[in-house]
Amino acid sequence: MKKTVVLFTLLLCLVGMHAQNTVTNGDFELWSYGKPVGWTGGLQGTLTTSIINIPVEMTFCTQTTDAHSGSYAVKMQSADFTIPGVGYSFNLPGVLQVGEASGFSIPLESLIEIIQMFQDTTSTPNFDSTDIESLYSLVQLASPGVPCASTPHYVTMWVKYQAVDDDEVTVIAATKRNGEFVDYATNSFSDLNPNEYQQINVEFENPGEECDSIMIIVFSAMSLNSASVLYVDDVKLSNGVGIADFEKIQENVYPNPASDVLNIELEGDAAYQWELRDLTGRLLKSGEGQGKTVVDVRAYPAGVYMLTFEANGQKQTRKVVIR
């Protein structure tokens, strides 16, 4: 799980979301003042200091007529931001979120601390040394999501990806009820067609579970200073009927919940890599396997964890519970 995803995963854990099972304006046909109605495609708010408040407006998403269906779609790109009078600048990959964020007011030092932590490409972010108040202030960057009555089988969308270097598209989705997690899903995609739209899907583990809201976050890249361009159209919540899996990794993880060991088995003889992380993104264990792998989890406290697989150029994450 890349560092940008780690941050937004943490925001999902911290933020509370306010029923329907459709994505409002998922076809991106409705726009207002250059922004897709019902979506957040940038950052807008204020950085506060003891001397002056600095207005911020970053735009990651623009309207395009290069659509999968209908008249319009979303074009996502990275954006640069320079903090006036400080001489500090950074570049963030494009982020698109369902729901409309209300704006933020964040201490400048909190934002700089987090950005510097994620610019360090040599290690996993150490959230233990970060002021928790800084992290809570960054919750304002996340959209509250939209109403949703039950966890879908899939979040599905059509994308066209003009990738640079080893960039990849990542989608995170989470359903909640009364501010608590119901289910979580994420997937990353590389080697997508740069010239034609194709369907990608993110699958939930527990479809049908009652919830009251869903968050969907799409990243145009997983690194800072990216030049990749992503087109997104026709985002839907699906019950799985008629959905074509995008080279889904066929895996079996058991027992789940687990108390002593997790057994990992992937279909076929393909080699794979795996990572076990907690919900702050901290890497706990990792390794390589082929066939069956046994992971000792006795050292970890009871709770929810994320197990990520990578095989045949595809990545997939599933939720595991330790008790």
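Does any residue of the stretch 33-54 turn out to be part of a loop (DSSP other than H, G, I, E, B), in the same structural domain as Ser143 (by TED's automatic domain parsing), over 22 Å from Gln198 (Cα atoms) and in contact with a Phe, Trp or Tyr (Cβ under 8 Å, 6 or more places away or on another chain)?
Yes, because at least one residue in the stretch 33-54 is part of a loop (DSSP other than H, G, I, E, B), in the same structural domain as Ser143 (by TED's automatic domain parsing), over 22 Å from Gln198 (Cα atoms) and in contact with a Phe, Trp or Tyr (Cβ under 8 Å, 6 or more places away or on another chain).
Looking at the stretch 198-222 only, could you name the residues that are out of contact with any Ser or Thr (no Cβ under 7 Å at 6 or more places or on another chain) and surrounded by fewer than 20 Cβ atoms within 10 Å (Cβ to Cβ)?
Result: Gln198, Glu205, Asp212.
Does the stretch 168-176 contain at least one residue that is out of contact with any Cys (no Cβ under 6 Å at 6 or more places or on another chain), surrounded by fewer than 20 Cβ atoms within 10 Å (Cβ to Cβ) and modelled with pLDDT of 90 or more?
no
Under 9 Å by Cβ, and 6 or more places apart or on different chains, what pairs join a residue from the stretch 84-104 that is modelled with pLDDT of 80 or more with one that is outside any loop (DSSP other than H, G, I, E, B) and surrounded by fewer than 12 Cβ atoms within 10 Å (Cβ to Cβ)?
Asn91/Asp80; Leu92/Asp80
Looking at the structure I just gave you, is Ser150 modelled with pLDDT of 75 or more, of a type in the set (S, T, N, Q) and farther than 21 Å from Ala221 by Cα?
Judged against the criteria, Ser150 is a match.
Pull up the stretch 177-211, narrow it to residues that are of a type in the set (Ser, Thr, Tyr) and out of contact with any helix residue (DSSP H, G or I) (no Cβ under 9 Å at 6 or more places or on another chain), then point me to the one that is modelled with the lowest pLDDT.
Ser190
The values are calculated or read from the model by the stated rules, or taken from the named source; none is laboratory data. Predicted, not measured: the structure shown is a model, and the values here were computed from it. Neighbour counts run over all protein chains shown; Cβ positions are idealised from the backbone, glycine included.
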